[in-house]
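J.: Below: one structure in C-alpha coordinates.
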Amino acid sequence: MGQQRQLSAETRAVIEELVPEAAKARRVFIFTGAGVSAESGIPTFRDAQTGLWAKYDPVMLASIDGFRKDPANVWKWYDERRQTMSQCMPNAGHTAITEWQRMLAPVQGRLDLATQNIDDLHRIAGTEQLIELHGNIWEVRPLGAGFADAFRLMDCPLSEHPPRAADGSTLRPNVVWFGEMLDESVLNHAFHCAMKADLALSIGTSSLVYPAAALPFVAREHGATLVEINPERTELTAAADYVLQEPSALALPALVEGIRSILPGNPA
Ligand code: OAD
(Lines give C-alpha, C1' and ligand atoms only; values in the text may rest on other atoms or scores of the structure.)
Protein backbone atom coordinates (compact mmCIF):
# COMPACT_ATOMS: atom_id res chain seq x y z
CA MET A 1 0.00 0.00 0.00
CA GLY A 2 2.78 2.42 1.07
CA GLN A 3 4.70 2.16 -2.20
CA GLN A 4 1.67 3.11 -4.31
CA ARG A 5 1.00 6.33 -2.51
CA GLN A 6 2.67 9.57 -3.46
CA LEU A 7 3.30 12.76 -1.60
CA SER A 8 1.32 15.71 -2.93
CA ALA A 9 3.22 18.35 -4.89
CA GLU A 10 2.48 20.77 -2.05
CA THR A 11 4.07 18.45 0.53
CA ARG A 12 7.11 17.87 -1.68
CA ALA A 13 7.59 21.63 -1.87
CA VAL A 14 7.32 21.98 1.95
CA ILE A 15 9.84 19.15 2.44
CA GLU A 16 12.26 20.80 0.01
CA GLU A 17 12.08 24.00 2.04
CA LEU A 18 12.29 22.19 5.40
CA VAL A 19 15.19 19.80 4.68
CA PRO A 20 18.08 22.34 4.81
CA GLU A 21 16.78 23.70 8.12
CA ALA A 22 16.11 20.25 9.58
CA ALA A 23 19.60 19.08 8.59
CA LYS A 24 21.11 21.92 10.62
CA ALA A 25 19.23 20.90 13.79
CA ARG A 26 21.36 19.17 16.41
CA ARG A 27 18.72 18.91 19.14
CA VAL A 28 15.59 17.34 17.69
CA PHE A 29 12.48 16.70 19.77
CA ILE A 30 9.73 14.46 18.40
CA PHE A 31 6.30 14.11 19.96
CA THR A 32 4.08 11.31 18.66
CA GLY A 33 0.52 10.06 19.05
CA ALA A 34 -1.70 7.25 17.86
CA GLY A 35 -1.57 8.36 14.20
CA VAL A 36 2.06 7.20 13.94
CA SER A 37 0.91 3.62 14.61
CA ALA A 38 -2.26 3.81 12.49
CA GLU A 39 -0.47 2.36 9.47
CA SER A 40 0.81 -0.50 11.62
CA GLY A 41 -2.83 -1.50 12.14
CA ILE A 42 -3.42 -0.01 15.61
CA PRO A 43 -6.60 2.07 15.84
CA THR A 44 -6.36 5.71 16.95
CA PHE A 45 -8.63 7.13 19.66
CA ARG A 46 -10.55 9.97 18.06
CA ASP A 47 -10.88 9.22 14.35
CA ALA A 48 -14.63 9.36 13.71
CA GLN A 49 -15.34 5.85 12.40
CA THR A 50 -12.37 3.77 13.50
CA GLY A 51 -11.26 5.49 16.72
CA LEU A 52 -11.39 3.49 19.96
CA TRP A 53 -13.36 6.17 21.79
CA ALA A 54 -16.10 5.98 19.11
CA LYS A 55 -16.67 2.32 20.07
CA TYR A 56 -15.74 2.02 23.74
CA ASP A 57 -16.50 4.02 26.86
CA PRO A 58 -13.27 5.49 28.25
CA VAL A 59 -14.91 6.01 31.65
CA MET A 60 -15.41 2.26 32.00
CA LEU A 61 -12.18 1.10 30.36
CA ALA A 62 -9.61 3.81 31.04
CA SER A 63 -10.25 5.14 34.52
CA ILE A 64 -9.44 3.93 38.02
CA ASP A 65 -13.15 3.97 38.93
CA GLY A 66 -13.97 1.72 35.97
CA PHE A 67 -11.14 -0.61 36.98
CA ARG A 68 -12.25 -0.80 40.62
CA LYS A 69 -15.83 -1.57 39.50
CA ASP A 70 -14.89 -4.32 37.07
CA PRO A 71 -11.18 -5.18 36.79
CA ALA A 72 -11.90 -8.32 34.74
CA ASN A 73 -13.75 -6.31 32.09
CA VAL A 74 -10.97 -3.70 31.86
CA TRP A 75 -8.31 -6.42 31.64
CA LYS A 76 -10.26 -8.28 28.96
CA TRP A 77 -10.11 -5.14 26.83
CA TYR A 78 -6.41 -4.56 27.52
CA ASP A 79 -5.66 -8.21 26.82
CA GLU A 80 -7.44 -7.91 23.44
CA ARG A 81 -5.42 -4.80 22.66
CA ARG A 82 -2.20 -6.56 23.70
CA GLN A 83 -3.06 -9.42 21.36
CA THR A 84 -3.74 -6.99 18.49
CA MET A 85 -0.53 -5.07 19.18
CA SER A 86 1.55 -8.24 19.38
CA GLN A 87 0.68 -8.81 15.70
CA CYS A 88 1.69 -5.29 14.63
CA MET A 89 5.06 -4.22 13.30
CA PRO A 90 6.66 -0.77 13.22
CA ASN A 91 5.96 1.04 9.94
CA ALA A 92 8.16 3.22 7.74
CA GLY A 93 7.44 6.25 9.94
CA HIS A 94 8.77 4.57 13.10
CA THR A 95 11.82 3.34 11.20
CA ALA A 96 12.58 6.77 9.73
CA ILE A 97 12.67 8.30 13.23
CA THR A 98 15.21 5.66 14.34
CA GLU A 99 17.32 6.34 11.24
CA TRP A 100 17.29 10.08 11.92
CA GLN A 101 18.36 9.47 15.53
CA ARG A 102 21.29 7.35 14.31
CA MET A 103 22.20 9.88 11.62
CA LEU A 104 22.64 12.55 14.27
CA ALA A 105 25.31 10.61 16.18
CA PRO A 106 28.22 11.38 13.78
CA VAL A 107 27.44 15.11 14.01
CA GLN A 108 27.12 15.07 17.84
CA GLY A 109 23.39 15.68 17.56
CA ARG A 110 20.62 14.18 19.63
CA LEU A 111 17.02 13.19 18.99
CA ASP A 112 14.60 12.70 21.90
CA LEU A 113 11.26 11.05 21.27
CA ALA A 114 8.30 11.54 23.62
CA THR A 115 5.35 9.34 22.73
CA GLN A 116 1.81 9.15 24.02
CA ASN A 117 1.62 5.64 22.56
CA ILE A 118 1.70 2.61 24.82
CA ASP A 119 2.27 0.12 22.00
CA ASP A 120 6.07 -0.32 22.17
CA LEU A 121 6.48 0.16 18.42
CA HIS A 122 9.05 2.97 18.67
CA ARG A 123 11.18 0.72 20.91
CA ILE A 124 10.77 -2.26 18.59
CA ALA A 125 11.85 0.03 15.72
CA GLY A 126 15.07 0.69 17.65
CA THR A 127 14.57 4.27 18.86
CA GLU A 128 16.56 5.07 21.99
CA GLN A 129 16.03 7.79 24.62
CA LEU A 130 12.33 6.97 24.38
CA ILE A 131 10.04 8.87 26.74
CA GLU A 132 6.74 7.03 27.29
CA LEU A 133 4.39 9.67 28.62
CA HIS A 134 1.31 7.46 29.04
CA GLY A 135 3.04 4.23 30.08
CA ASN A 136 3.36 0.93 28.25
CA ILE A 137 0.73 -1.73 27.67
CA TRP A 138 3.28 -4.52 28.25
CA GLU A 139 3.96 -3.30 31.78
CA VAL A 140 1.87 -3.87 34.91
CA ARG A 141 2.06 -2.72 38.50
CA PRO A 142 0.21 -3.66 41.70
CA LEU A 143 -3.01 -1.71 42.18
CA GLY A 144 -2.19 1.20 44.47
CA ALA A 145 1.55 1.12 43.66
CA GLY A 146 3.45 3.86 41.81
CA PHE A 147 5.16 3.84 38.40
CA ALA A 148 8.46 2.78 40.00
CA ASP A 149 6.97 -0.64 40.83
CA ALA A 150 6.07 -1.46 37.22
CA PHE A 151 7.43 -4.56 35.52
CA ARG A 152 6.99 -6.27 32.16
CA LEU A 153 4.38 -8.99 31.81
CA MET A 154 4.56 -10.40 28.30
CA ASP A 155 2.07 -13.34 28.61
CA CYS A 156 -0.26 -13.02 25.66
CA PRO A 157 -3.10 -13.85 26.07
CA LEU A 158 -3.11 -13.56 29.84
CA SER A 159 -4.06 -16.65 31.82
CA GLU A 160 -6.41 -14.73 34.13
CA HIS A 161 -8.28 -11.41 34.28
CA PRO A 162 -7.06 -9.60 36.28
CA PRO A 163 -3.53 -10.98 36.42
CA ARG A 164 -2.15 -11.25 39.95
CA ALA A 165 1.25 -10.74 41.59
CA ALA A 166 2.96 -13.64 43.39
CA ASP A 167 1.39 -12.47 46.67
CA GLY A 168 -2.08 -12.58 45.10
CA SER A 169 -2.53 -8.81 44.80
CA THR A 170 -4.32 -7.39 41.75
CA LEU A 171 -2.16 -6.03 38.95
CA ARG A 172 -3.20 -3.11 36.75
CA PRO A 173 -1.85 -1.99 33.37
CA ASN A 174 1.02 0.49 33.80
CA VAL A 175 -0.73 3.11 31.69
CA VAL A 176 -2.07 6.54 32.54
CA TRP A 177 -5.86 6.63 32.76
CA PHE A 178 -8.23 9.59 32.58
CA GLY A 179 -7.99 11.67 35.74
CA GLU A 180 -4.56 10.28 36.66
CA MET A 181 -1.30 12.19 36.82
CA LEU A 182 1.57 11.34 34.51
CA ASP A 183 4.83 10.14 36.04
CA GLU A 184 6.32 13.46 37.16
CA SER A 185 9.95 12.62 36.40
CA VAL A 186 9.04 11.36 32.92
CA LEU A 187 6.98 14.47 32.19
CA ASN A 188 9.69 16.82 33.49
CA HIS A 189 12.28 15.11 31.34
CA ALA A 190 10.03 15.49 28.28
CA PHE A 191 9.59 19.22 28.96
CA HIS A 192 13.34 19.60 29.42
CA CYS A 193 13.98 17.97 26.04
CA ALA A 194 11.28 20.11 24.39
CA MET A 195 12.80 23.30 25.79
CA LYS A 196 16.31 22.38 24.59
CA ALA A 197 15.23 21.53 21.05
CA ASP A 198 16.07 23.58 18.00
CA LEU A 199 13.64 21.53 15.90
CA ALA A 200 10.41 19.96 17.22
CA LEU A 201 7.96 17.73 15.37
CA SER A 202 4.45 16.79 16.43
CA ILE A 203 3.37 13.69 14.55
CA GLY A 204 0.06 11.81 14.44
CA THR A 205 -1.61 13.38 17.44
CA SER A 206 -4.84 15.34 17.77
CA SER A 207 -3.02 17.62 20.28
CA LEU A 208 -5.98 17.51 22.64
CA VAL A 209 -4.78 15.62 25.71
CA TYR A 210 -2.86 17.67 28.28
CA PRO A 211 -0.31 18.00 29.76
CA ALA A 212 1.39 16.08 26.93
CA ALA A 213 -0.13 18.28 24.21
CA ALA A 214 1.68 21.30 25.66
CA LEU A 215 5.10 19.90 24.71
CA PRO A 216 5.30 21.16 21.09
CA PHE A 217 3.96 24.57 22.10
CA VAL A 218 6.62 24.80 24.82
CA ALA A 219 9.33 23.78 22.35
CA ARG A 220 8.24 26.57 20.02
CA GLU A 221 8.08 29.15 22.83
CA HIS A 222 11.69 28.22 23.63
CA GLY A 223 12.83 28.85 20.09
CA ALA A 224 12.37 25.56 18.24
CA THR A 225 11.15 25.48 14.67
CA LEU A 226 7.90 23.52 14.80
CA VAL A 227 6.78 20.92 12.25
CA GLU A 228 3.48 19.05 12.23
CA ILE A 229 2.87 15.80 10.34
CA ASN A 230 -0.79 14.79 10.27
CA PRO A 231 -3.28 14.21 7.42
CA GLU A 232 -5.78 16.39 9.33
CA ARG A 233 -5.54 19.87 10.81
CA THR A 234 -5.29 19.95 14.62
CA GLU A 235 -5.19 22.44 17.49
CA LEU A 236 -1.47 22.78 16.80
CA THR A 237 -1.55 23.41 13.05
CA ALA A 238 -1.82 27.19 13.23
CA ALA A 239 1.27 27.35 15.49
CA ALA A 240 3.45 25.18 13.23
CA ASP A 241 6.14 26.65 10.97
CA TYR A 242 5.88 23.73 8.55
CA VAL A 243 2.84 21.49 8.03
CA LEU A 244 3.07 18.17 6.19
CA GLN A 245 -0.55 17.17 5.73
CA GLU A 246 0.20 13.52 5.04
CA PRO A 247 0.32 10.11 6.76
CA SER A 248 3.53 9.82 8.77
CA ALA A 249 4.62 6.55 7.10
CA LEU A 250 4.76 8.48 3.84
CA ALA A 251 6.07 11.89 4.92
CA LEU A 252 8.72 10.86 7.47
CA PRO A 253 10.81 8.63 5.17
CA ALA A 254 10.85 11.39 2.53
CA LEU A 255 11.92 13.99 5.08
CA VAL A 256 14.62 11.79 6.61
CA GLU A 257 15.99 10.80 3.19
CA GLY A 258 16.26 14.50 2.32
CA ILE A 259 18.16 15.17 5.55
CA ARG A 260 20.46 12.19 4.98
CA SER A 261 21.40 13.52 1.56
CA ILE A 262 23.02 16.62 3.10
CA LEU A 263 23.95 15.61 6.65
CA PRO A 264 27.74 15.02 6.99
CA GLY A 265 28.86 11.44 7.69
CA ASN A 266 25.72 9.78 6.36
CA PRO A 267 26.30 8.35 2.90
CA ALA A 268 23.12 7.10 1.20
P1 OAD B 1 -6.05 10.68 18.64
O2 OAD B 1 -6.89 9.53 18.22
O3 OAD B 1 -6.69 11.74 19.47
O4 OAD B 1 -5.47 11.39 17.36
C5 OAD B 1 -4.83 10.67 16.34
C6 OAD B 1 -4.32 11.65 15.31
O7 OAD B 1 -3.60 10.92 14.34
C8 OAD B 1 -5.40 12.43 14.59
O9 OAD B 1 -5.09 13.82 14.61
C10 OAD B 1 -5.35 11.88 13.15
O11 OAD B 1 -5.65 12.86 12.18
C12 OAD B 1 -3.89 11.45 13.07
N13 OAD B 1 -3.63 10.39 12.09
C14 OAD B 1 -4.46 9.39 11.66
N15 OAD B 1 -3.82 8.62 10.79
C16 OAD B 1 -2.56 9.11 10.66
C17 OAD B 1 -1.40 8.74 9.91
N18 OAD B 1 -1.41 7.69 9.10
N19 OAD B 1 -0.28 9.49 10.04
C20 OAD B 1 -0.24 10.56 10.87
N21 OAD B 1 -1.30 10.96 11.60
C22 OAD B 1 -2.43 10.25 11.50
O23 OAD B 1 -4.75 10.08 19.34
P24 OAD B 1 -3.70 10.83 20.29
O25 OAD B 1 -3.52 12.23 19.91
O26 OAD B 1 -2.51 9.95 20.36
O27 OAD B 1 -4.42 8.78 26.23
O28 OAD B 1 -4.47 10.75 21.66
C29 OAD B 1 -3.86 11.26 22.80
C30 OAD B 1 -4.26 10.45 24.00
O31 OAD B 1 -5.69 10.34 24.06
C32 OAD B 1 -3.81 9.00 23.97
O33 OAD B 1 -2.47 8.84 24.41
C34 OAD B 1 -4.76 8.34 24.92
C35 OAD B 1 -6.06 8.96 24.44
O36 OAD B 1 -7.07 9.03 25.37
C37 OAD B 1 -4.45 7.94 27.25
O38 OAD B 1 -4.79 6.79 27.12
C39 OAD B 1 -3.99 8.55 28.54
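The values are calculated or read from the model by the stated rules, or taken from the named source; none is laboratory data. Because the structure is predicted, anything quoted here is derived from the model rather than measured. No Cβ is skipped: glycine too gets one built from the backbone with ideal geometry, and neighbour counts run over all protein chains shown. Ligands, DNA and RNA are stripped out before the accessible areas are found, and what is left, the full protein with its side chains, is counted by its heavy atoms. Shrake-Rupley method; radii C 1.70, N 1.55, O 1.52, S 1.80 Å.
J.: Find out how many positive minus negative residues lie around HIS192, taking Lys and Arg as positive, Asp and Glu as negative, among other residues whose Cβ is under 15 Å from that of HIS192. Intermediate values should be presented prior to the final figure.
T.: Details: positive: ARG27, ARG110, LYS196; negative: ASP112, ASP183, GLU184, ASP198, GLU221.
Local charge sum for HIS192: -2.
J.: I've got another one for you. What are the ³J(HN,Hα) couplings of segment 134-144, residue after residue, when phi is run through the Karplus curve with 6.51, -1.76, 1.60 and θ = phi - 60°? Round to Hz, x for glycine and proline.
T.: Those phi angles translate into 10, x, 8, 5, 8, 10, 9, 8, x, 4, x Hz.
J.: Give me the percent of Cα-Cα pairs in segment 30-116 that sit more than 16 Å apart, rounded to a whole number. Write down the numbers at each step before the final one.
T.: Working: 2431 of 3741 pairs.
Counting every Cα pair in segment 30-116, those more than 16 Å apart make up 65 percent.
J.: Ignoring ligands and nucleic acids, what accessible area does LYS76 show with a 1.4 Å probe (Å², nearest 10)?
T.: 110
J.: If DNA, RNA and ligands are ignored and the probe is 1.4 Å, what is the ranking of HIS189, HIS94, HIS134 by accessible area, most exposed first? Kindly include the intermediate steps, with their values, before the conclusion.
T.: On the way: HIS189 75, HIS94 0, HIS134 35 Å².
Most to least solvent-accessible, the answer reads HIS189, HIS134, HIS94.
J.: May I pose another question? Report the accessible area of MET85, computed with a 1.4 Å probe over the heavy atoms of all protein chains in place, in Å² rounded to the nearest 10.
T.: Number for this one is 20 Å².
J.: With everything on Cα atoms, drop me the angle between helix 92-104 and the longest principal axis of the chain, reported from 0 to 90° to the nearest 10.
T.: 60
J.: In terms of solvent-accessible area of protein heavy atoms at a 1.4 angstrom probe, what is the ranking of VAL14, VAL59, highest value first? Show your work: numbers first, answer last.
T.: Details: VAL14 30, VAL59 95 Å².
The ordering from most to least exposed comes out as VAL59, VAL14.
J.: How far apart, in nm, are the 7 Å Cα→Cβ label points at ASP167 and ALA72?
T.: 2.5
J.: Another question about this same structure. Among the aspartates and glutamates, which have Cα under 19 Å from the Cα of LYS196 when same-chain residues fewer than 8 positions away are ignored?
T.: GLU21, ASP112, GLU128, GLU132, GLU184, GLU221, GLU228, ASP241
J.: Lysines near LYS76 by alpha-carbon distance under 25 Å, same-chain residues fewer than 8 away left out - which ones?
T.: Cross-link targets: LYS55.
J.: I'd like the Karplus ³J(HN,Hα) series for segment 208-219: coefficients 6.51, -1.76, 1.60, θ = phi - 60°, whole numbers in Hz, and an x wherever there's a Gly or Pro.
T.: 10, 9, 9, x, 3, 5, 6, 4, x, 4, 5, 4
J.: If one takes the longest principal axis of the Cα atoms in the chain, at what angle in degrees, from 0 to 90 and to the nearest 10, does the Cα axis of helix 9-24 lie?
T.: Approximately 90 degrees, to the nearest ten.
J.: For ARG110, what residues show an amide H to amide H distance below 5 Å, using hydrogens built from the backbone and excluding near sequence neighbours?
T.: Amide H to amide H, under 5 Å and 5 or more residues apart or across chains, ARG110 pairs with ARG27, VAL28.
J.: Stretched out fully, how many nm does the piece from LEU143 to GLU16 gain, at 0.36 nm a residue minus the Cα gap? List each step's numbers first, then the result.
T.: On the way: separation 127, 0.36 × 127 = 45.72 nm, distance 5.02 nm.
Taking 0.36 nm per residue and subtracting the Cα distance, the gain is 40.7 nm.
J.: Per-residue ellipticity at 222 nm for the chain, helices alone: DSSP H runs ≥ 4 residues times -39500 (n - 2.57), over residue total, nearest 500 deg cm²/dmol? Walk me through the intermediate numbers first.
T.: Details: 11 runs with 103 residues, N = 268.
After summing the helix terms and dividing by the residues of the chain, the value is -11000 deg cm²/dmol.
J.: Could you give each residue of segment 39-51 its phi-based ³J(HN,Hα) in whole Hz, using Karplus coefficients 6.51, -1.76, 1.60 with θ = phi - 60°, and x for Gly or Pro?
T.: Once θ is set to phi - 60°, the couplings for segment 39-51 become 7, 8, x, 9, x, 7, 9, 10, 5, 3, 8, 9, x Hz.
J.: Here's a follow-up. Nearest-5 percent of antiparallel DSSP beta bridges in the chain?
T.: Working: 7 of 29 bridges.
Roughly 25 percent of the beta bridges in the chain run antiparallel, per DSSP.
J.: Also, I was wondering about something else. As I understand it, the value is the acute angle between the Cα axis of helix 71-86 and the longest principal axis of the Cα atoms of the chain; what does it come to in degrees, rounded to 10?
T.: 40
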